[in-house]
Every structure is written in C-alpha cells, then in structure tokens.
Amino acid sequence: MDTTEALELIASLKGYLHDLRDTGVDGLPVRSATAPLTITAPSEAVPQPPVQPAESPVTDSSLASLSHGQAVGLNGVREELGDCRRCGLNSTRTKLLFGAGNPAARLVFVGDAPGGDEDRQGIPFADEAGGLLTKIIQAMGLHRDEVYLCNVIKCRPPQDRDPHPDEIRHCLPFLLKQLQAIGPEIIVALGTFASQTLLRTKEPISKLRGVFHDYHGIPLMPTFHPAYLLRNASMKREVWEDMQKVMKRLGMEAPAKR
Ligand code: URA
C-alpha cells in the first residue's frame, strides 16, 4: 500500500468512526492479539450480526457490539426519531418522511430530501421524478414495495434549498441506523447530494457513478437523480448501465427488454 492509499484508508476509517459515534456507539470490541484474522472477499463484506453461543445470555455489553440499528430494528429507529425537532426544519415541514418499502429490502435507494409532494404526502418519491424512479425499478424486474426508498434528509428544506450542515448532522445518524436495521445488500445513492454526503466527498457525481463504493461495509452505487434525468433524458442510458451492475451484483436476471 502506498502513502496515498494509506492516507485514504485512514480518512475512510476516521469517517466510519465518526459516523458510529454519531449513532451513539461509544466503544468497539477489541480483537484479542492472538485471535485469527479472517479476511473476507469484498462481495462477502456485508456486516453480519455476531453469532451468540446458544447458552450465552444477551447482555448489555454483547448488545454494544451489535450496530445500533440492528439492535433496535427499523421500528425502534422510527420511535427514536419521534416527532423530530432536532433542527429548524421541523417548523416548516408538513410531514416528516422516514422512508417506505420493504423493511428487509436487499436494495435501498437513497435520495436527497422530500420535495413539496413528499412533504404533503409523507411518501418518498411521490413526484414526477419519483414516477421515473418507479419505472426504473420496474425495468429492473422489481416493484417499489420490494425495495426501500428514503432520503438523507427527512424534512423538506424551505423552497427546496440545499440542506444546511447542521440539518445533515442531525439527520444522517438516523439514515445510518435505518440502513443498519434493514441490512441491504446494495445501496443506490441518487444524485450529487446523496452520493457526496454518504461518501464524504466533493467528487462530482459524473466521476462517482458507475462503480461500487463502500458505505459501512455495504456496496453503494451512486447514479444520477431521476429529477436530473427528467431534464437530461440522454443520461438514462448511464443510469441503466449502473442499474445493470446492481442487478448483476444481486444475482438478478437482466430483463430481456426494458
Ligand atoms: N427527491 C428526492 O431525492 N427524494 C424524494 O423523496 C423526492 C424527490
């Protein structure tokens, strides 16, 4: 490993530890120096709950080694979020949009934030861009109910402005807990904001898309946002290429015809 790779690895580890701390994890189990180190192939890197020996009781300390989202489940994360007033967006939102779909989905799509339609209905991707996303999901041979749809930000920013850093800071830990609870095999980040926020980078979406990145051990595919596709129809081809990679990784048959 050269110096650049080592620095990238350290930066990525730092980001991971910060995210864990934000979700309430204040310690990590330490592996004994003599314990064998198992290296898993990237495709096996999806985090699994630690196996409890049958007779060992689940104690507070053994729960601490589970990720928070896995421990409390999706409903537990929703309860913890409650009638959230952690940032100023609560005063302008109509409905808080937690997410929708299969709570055990293999595939999760993450958008940026609710817009006007989503704010009124409390349903993700309820607008025209959402209609296009639904078509993309169907073209993959799936139904909206089989996947899970959510956003980085759970309340609509006024006039659909970009979310402020403190809004992201309060909301992001809940997305991480949600993803831990669902345990998807793949995340698709839709558009610049979701991709850059989750991957902690300023790289343009045009550079990020098309390859899998790592988000807390889960492969993440950035792609263009469906709202962008409504304005740039020629980019649909790139998104379809990205979704074919997702389908391949999930072991899904590519539909014969789109
Ligand atoms: N755009 C998003 O990113 N998310 C939604 O839920 C709706 C529009």
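The values are calculated or read from the model by the stated rules, or taken from the named source; none is laboratory data. For clarity, every value in this text was computed on a predicted model and none was experimentally measured. Cβ coordinates were reconstructed from backbone atoms using ideal geometry, including for glycine residues, and neighbour counts include every protein chain displayed. In case anyone asks, the SASA skips ligands and DNA or RNA and just uses the protein heavy atoms, side chains included. Shrake-Rupley method; radii C 1.70, N 1.55, O 1.52, S 1.80 Å.
Among the criteria (1) more than 9 Å from the ligand (Cβ to nearest atom); (2) free of Cβ contacts under 8 Å to residues at least 40 places away in the same chain, the one VAL108 does not fulfil is (2).
Hey, does the range 172-189 have a residue that's within 26 Å of LEU74 (Cα to Cα) and of a type in the set (Phe, Trp, Tyr)? Within the range 172-189, one or more residues are within 26 Å of LEU74 (Cα to Cα) and of a type in the set (Phe, Trp, Tyr). Summed over the range 120-154, the residues that are open to solvent by less than 70 Å² (accessible area, probe 1.4 Å), assigned to a loop (DSSP other than H, G, I, E, B) and within 11 Å of the ligand (Cβ to nearest atom) give a count of 8. Going by the structure shown, is VAL211 of a type outside the set (S, T, N, Q), within 16 Å of the ligand (Cβ to nearest atom) and either buried (at least 19 other Cβ atoms within 10 Å of the Cβ) or farther than 21 Å from ILE153 by Cβ (or both)? No, not satisfied. Within the range 221-258, the set of residues being assigned to a helix (DSSP H, G or I), open to solvent by 70 Å² or more (accessible area, probe 1.4 Å) and away from the ligand (no atom under 16 Å from the Cβ) comprises SER234, LYS236, ARG237, GLU241, GLN244, LYS245, LYS248, ARG249.
In the range 163-180, is there at least one residue being over 10 Å from the mean Cα position of the chain (by Cα), part of a loop (DSSP other than H, G, I, E, B) and either in contact (Cβ under 8 Å) with a residue 24 or more places away in the chain or within 30 Å of GLY82 (Cα to Cα) (or both)? Yes - at least one qualifying residue is present in the range 163-180. Cβ-Cβ distances below 6 Å connect the following pairs, each with a first residue in the range 72-85 that is touching a residue at least 12 places away in the same chain (Cβ under 8 Å), a second residue that is among the aromatic types (Phe, Trp, Tyr) and assigned to a loop (DSSP other than H, G, I, E, B), and a separation of six or more residues or different chains: ARG78/PHE98.
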